[in-house]
Structure formats: C-alpha cells, structure tokens
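In what follows, a structure is listed as structure tokens, so that the remarks can point back to it.
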Amino acid sequence: MKEELQDKLTIAKNAEDKEDFFSASFFYRDALLEAIKKNDSETIRLCKNKSVEMNKKSITSGKDFKEFSFTQEFPEDKKKTHEKFIEDFLGRGDTKIILREIGRHFLFHPRVADVKLTAGKTMPISYQVASLTTISNEGHTLRGSSDGEYAWFIKMYDVHQQLAMLLYVGRIIHEIMENNSNDNNLNIKNLSEYFSDSGIFEETNLKIILVGLQKYFDKDYISALHILVPQFENVFLKMSEELGIDIVALDQRQGLSTRTRVLSEMHLDSEEFKKVWGEDFCRQLKFVLFEPMGYKIRHKVAHGEIQPSECNFENVTLVLYFYLVLLGRISKKANEK
C-alpha cells in the first residue's frame, strides 16, 4: 500500500522536474487523496503545499492558462429597446421612486432558470468529457470546479451577472448620480434620507451604513466595501428573522450556548431562505458574497484577502443594490413584504 503512494509521488515529482507544472498539480492531488486514505499527515502536508505551488508555477509559466475576453454586440433593434427601457425607468419619478423600483425589478438579478437554460445549450464538449479544475490566482483549487456542469453554469451565471450590472444597475445608478436635475440627482443627502426614512434599519446599523454610503460618494471604495458588506450580512439576517426565518444557532463546544447565525452558502441554498427571498436573489447573494468561483466578496473582506482592484465602483454599487432590494421589498411593518 505504501508503494502505491510512493509511486504517485514519484510520478508527480518527475512531472515537476520536467517543468510540466500543470500535470504535476494533478499528480500531487492524486497522491494527496491516497495520503488521506492512509492518514499520512506528513505526506498530506507535502501534497497540499505542492498542489498550490504547482498551480502557481503553471499560471506564472504562461503555458497552461491564457486570459481571454469577449465582446457581445447587440443588434440595433435591441439597443433601441434597451435605451428606451432605461429612459422610461429613469422617468418613473424622483430619485427615491427610482431607487425603490431598482430594488423591486426582476431584471436586475440573473434568473436561475434562464442561466440553466443558457448553460445547457452552450456547454462545450470539453466540459462534458474532461475533468476540469478551476484554480485561483493564489494557486488554490476551487471547490466545485471539477464538476464540469456546475463550473459551466457558474461561468454562464457570471456573464448574466455582468450584463445585469453593466446594462442595468450600474448604468442607472451612474445616470442618476450624474444627473444635474434636482429631482433625479442621486447624492449622499437623498440616499441617506432614503435609508433613514425607511424605518427598517436599527439605529446602530444605520449609523455605520451611512458612513459607508458617504465613503461611496467620496469614491473611497476600499472603505465603503469594508463597511457595507459586513453591515449587509447583519441587517439581512435581522430582517430574515423578522420574516420568520430561524437565525439562532447553537454552540455546544463548552456547554450549551446560543448565537446569531453567520450567513453562509448553506443558508442561501436552504428552502426557508429561498421561500422568503426567492431563489434568484439568494443565488445572486451566494454568487457575489460566497461562491468560490464567483466574486467571494464577503470572505475576501472578512479575511483580508480582497485586492485593491476589487474595491471599485461596480462592486460597491452591487452591494448597494443588495440594500436597495431590502428597501424595495420590506416595509416598516416587518411582516409586509
């Protein structure tokens, strides 16, 4: 049995010595699985670190991974239809009415059923027959990335999410921020009033959120993201509790204690959250805040892994949109949605 593990390590080391880092990363993962079966802690540690190292070298070499971009052109009739939609949307009333409508409109988050349909029609044959793995820029293998069907669904979801942001949410927010009209201009004063007058935020949360909104208008997106993301998690859980979801968790490590749940992918996948908030919004929150192959903003902010380049107008506007969904759906009476 030990010989089998040693054989796998030898194959991995040979690939590494030949600078075939892409293959070596897979071979070290094969050896890792064998080491886990044997509970060989020393080899487990070696293989984990070697897998990350090989992935990093594979990226750096430039031989195995290539960046690509694509441009999607819309026919003239669709461009005109879209521009008419934006014009009509911006003409619905004053800024606060527009903000409320942003939070309520179905077009501003990808519809899971549509993404699944797109993914099913466009999935490359390589995803169906090959074992693929997605890795992060830091060399870590991302959970779920070896499932070709799921990995392609996430890629298609990302396309839908970017279109929703670029064509709708980001575009509309930018338009009303740049508008010089007194009625339709979005500034810190009327946005703060919209949040404050809603009556749905506790005072302690509201004070911190308003600081985050100010940083957003100051274009200090690093501070804005680090303030608004944790506060969103807190207020989202509180509102979920008011809407009937059990957010109390048990901790039995030393006696029995209770605490507020920490929001996670598991909760957003649960039927209780999807029943209250809808599958599409839960999936969007999961993709943006938690999904390893998505934006993973919540984890990156919480654990200090966020890059300065990720603290930008688009990402902070996306988090602002999540608040607008709460403001658009929840009234002062907690049971009205």
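Since every read-out is calculated from the coordinates, none of them should be taken as a lab result. Not measured: the values here are computed from a predicted model. Ideal geometry is used to build each Cβ from the backbone, glycine not excepted, and the neighbour counts take in all protein chains shown.
Extension gain for Ser223-Leu167 works out to 17.6 nm (0.36 nm per residue, less the C-alpha to C-alpha distance). Our estimate of slack between Val262 and Lys18, defined as 0.36 nm per intervening residue step minus the Cα-Cα distance, is 83.3 nm.
How much length is gained on full extension from Thr60 to Glu178, taking 0.36 nm per residue of separation minus their Cα-Cα distance?
Values: separation 118, 0.36 × 118 = 42.48 nm, distance 4.11 nm.
In short, 38.4 nm is gained.
With a simple spin-label model that places each label point 7 Å from the Cα along the Cα-to-Cβ direction, the separation between Asp269 and Ile208 comes to 2.8 nm. Between Lys121 and Asn49, the modelled label-to-label distance comes to 5.0 nm, taking each label 7 Å out from Cα in the direction of the beta carbon.
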